[in-house]
Amino acid sequence: MRTTHTYAALEVSPATHHEIEKLLRAAGYDHAFDDGEGAIDMHGIGLVKRPQVDGNVSVRGATIQTANGHYFDYLTSNAGYVDIETVAHALSNICRFTGHCVEFYSVAQHCVLMSYYAVPQQHAFWALMHEAGEPWVGDMNKPLKLLLPEYDRIESPAERATLIHFGLDPDAKPATIKPGDHVMLATEQRDLMPKKRATGWDGWGIANAWEPLPTQHWTELAGIVPLERCIRPWTPAQAKSAFLQRYRELAFGAGGLQEGTLIRRQAVPA
């Protein structure tokens, strides 16, 4: 560097680096550049180009690639590239109950049904978006989550950033959301969890004998009344479409989808 002091280097994408360089040079800040290393010295914070390999951006750090091709960084919970279709896509492909329900049942369907049937309609948008952290961290079951207290340190910022991105205040969650979630859980246990247990297995380790499972009482559901309607699981494609339809209805008014949009209006499956 032309300067003699040290600086901390913060990596940015080549496109971001180019935009910053263009703006600073246009403003007369040529002295902030070092032609040898390509860094921009911003009073101790150096922005440097992220390395590229074979023309592709080299990805590093605590990031995952998301369905829209961008990356979510767990260390910054940067929601800048979050969009509702990415959220819907991820949630529609994540199975509830760590995959142990009798049929595939997605987090997206859970959210849609909760927004319709388990909370007052003034809180429906909150219900739809209440699993905002799960597109990035998955649906960890609660017993395991309780054994991993540090997990919340990662999930909570991701959830907060996503809620804020969609216009919800993480510190103003309605009191109806947790009870509504419990109503959904009770309904899901009744309709989607096993009603029999294996008692014998063949030589391949596949169950070939069963007995009825005694009534299960989950502690956190004591006194919770499930919905009258039964849950019929949707495919991931159905769940994604229904989630996006519900989002448009709640975020942009009762008009919902209009002709010519990419997602067809459809009745929410029973």
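For the stretch 74-116, the set of chymotrypsin sites (Phe, Trp or Tyr not before Pro) satisfying both a DSSP loop assignment and a count of at most 15 other C-beta atoms within 10 Å is given as Tyr81. Distance between the pseudo-spin-label points of Ala175 and Ser156 (7 Å out from Cα toward the beta carbon): 2.2 nm. Rounded to the nearest 0.05, what FRET efficiency do Ile164 and Ala207 have when you use their Cβ-Cβ distance and R0 = 35 Å? With R0 = 35 Å, the Cβ-Cβ based efficiency is 0.15.
What is the stretch 84-252 by shape, rounded, prolate or oblate, if you read a ≥ b ≥ c off the alpha carbon gyration tensor as root eigenvalues and call it rounded for a/c under 1.5, prolate for a/b larger than b/c, and oblate otherwise? Prolate. Using a simple spin-label model with pseudo-atoms 7 Å out from Cα toward Cβ, Asn68 and Gln122 lie 3.1 nm apart. Relative to the current alpha-carbon distance between Lys195 and Leu75, full extension at 0.36 nm per residue lengthens the span by 39.0 nm.
We did not get these values from a lab; they are worked out from the coordinates using the rules stated. Worth saying up front: this structure is predicted, and the values here are computed from it rather than measured. Methodologically, a virtual Cβ is constructed for each residue, glycine included, from the backbone with ideal geometry; neighbour enumeration extends over all protein chains shown.
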